[in-house]
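Trainee: Mind looking over this structure? Questions follow.
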Amino acid sequence: MQNPSYKLEAFEGPLDLLLALIEKNKINIYDIPIVEITQQYMDYVNSMDTDDMEYMSDFIVEAATLVKIKSKMMLPVPEVNEQGEEIDPRAELVERLLEYKMYKYISGQLKDKQLDASKYMFKPSTIPGEVLNYKEEVDVKELLEDITLSKLKDIFNDLVKKKEDRIDPVRSKFGKIVKEDSDIRKTIYDLQEYGLKNRHFMFKAYMERLSTKMEMIVSFLAILELIRMERIKIEQEDLFCDIRIDYLATDIAPIEDLALT
């Protein structure tokens, strides 16, 4: 029995050809007879008359994919996944075909909308200027004719309430955020200058000289850096007691020589 012949038009790509074959054969896309479809696909590829190798290469790659699927389905022992379920070699192809079919349908819908839009005609505005710029005069006396103090009070209260409703109850209570300038190098230099002058001082007393939280944080970091540089040492007699700071160096390291990491 001879295979039926199909006269097929040019296709945008291999998936377009496969969908056409599935529709012409009235095949369930979830149960593709891969042997039959592969044979019809190869018949079409062999009959293609084109010198465009880039166009042909897509069809040849898909042909190799079909042959690979066909060979997997002929294996005596099917592949199984980690759950022990049999893997259908056609599953990936079916997924690609469904995705392509969806995009093809959407592109057709967009093309129809484009055609429909081309049928609309627009004309420039021909409204006379005096009509376009016309503004109805408002008679203030007539507008305020029945307004009383009581009604004005109600209107005012309503406006105030609407304004209060627009205020964020949380963020409206935030203070103003101001960026504080801090220079760790200068702080280290100032701390050395203070240490060279006083030689021994208490951590709490030194911190009380500072005015902002940022200055305290940077000064604490400066102390840690000077400990690392072995220019100061600290002692604490008991837990939670004040910390004694001893300045060990006999000079001040210049700012430009500080290699902070």
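The values are calculated or read from the model by the stated rules, or taken from the named source; none is laboratory data. Predicted model, so just to flag it, every value in this text is computed and none were measured. In this analysis, Cβ positions are derived from the backbone assuming ideal geometry, glycine residues included, and neighbour counts consider all displayed protein chains.
Trainee: So is residue 172 assigned to a helix (DSSP H, G or I), among the small types (Gly, Ala, Ser) and at pLDDT below 80 or not?
Mentor: It is true that residue 172 is assigned to a helix (DSSP H, G or I), among the small types (Gly, Ala, Ser) and at pLDDT below 80.
Trainee: For a quick check of your reading of the model, give me the residue pairs whose first member lies in region 217-228 and is on the phi < 0 side of the Ramachandran plot, whose second is among the polar types (S, T, N, Q) and buried (at least 21 other Cβ atoms within 10 Å of the Cβ), with beta-carbon atoms closer than 8 Å and at least 6 apart or on different chains.
Mentor: Listed by first residue and then by second, the contacts come to 226/192.
Trainee: For region 179-255, list the helices (runs of 4 or more DSSP H) that sit wholly inside it and hold at least 3 residues that are β-branched (Val, Ile, Thr); which are they? Can you show your working first?
Mentor: Working: elements: 184-198, 203-208, 213-228.
Helices (runs of 4 or more DSSP H) meeting the threshold: 184-198, 213-228.
Trainee: Tell me which residues, restricted to region 90-122, are of a type outside the set (A, V, I, L, M, F, W, C) and touching a residue at least 24 places away in the same chain (Cβ under 8 Å). So that I can check it myself, show each step before the final result.
Mentor: Taking region 90-122 and keeping what is of a type outside the set (A, V, I, L, M, F, W, C), we get 90, 92, 95-96, 99-101, 103-105, 107-109, 111-114, 116, 118-120.
Once the filter is applied, which keeps residues that are of a type outside the set (A, V, I, L, M, F, W, C) and touching a residue at least 24 places away in the same chain (Cβ under 8 Å), region 90-122 yields 90, 96, 100, 101, 104.
Trainee: Separate question: State which residue is modelled with the highest pLDDT when the search covers only region 128-161 and only residues that are among the β-branched types (Val, Ile, Thr) and part of a helix (DSSP H, G or I). It would help to see each step written out before you state the result.
Mentor: Applying the first criterion (among the β-branched types (Val, Ile, Thr)) to region 128-161 yields 131, 138, 140, 147-148, 155, 160.
Filter once more, so that each one left must be part of a helix (DSSP H, G or I): 131, 140, 155, 160.
Numbers: 131: 82, 140: 69, 155: 70, 160: 70.
Among them, the one singled out is 131.
Trainee: Considering only helices (runs of 4 or more DSSP H) fully contained in region 1-107, which possess at least 1 residues that are surrounded by 12 or more Cβ atoms within 10 Å (Cβ to Cβ) and at pLDDT below 85?
Mentor: Working: elements: 14-24, 34-47, 53-73.
Because the criterion is at least 1 residues that are surrounded by 12 or more Cβ atoms within 10 Å (Cβ to Cβ) and at pLDDT below 85, the helices (runs of 4 or more DSSP H) in region 1-107 that meet it are 34-47, 53-73.
Trainee: Hey, residue 117 hits all of (1) loosely packed, with under 10 Cβ neighbours inside 10 Å; (2) over 34 Å from the mean Cα position of the chain (by Cα) but one; which does it fall short on?
Mentor: Here residue 117 meets the rest and fails (2).
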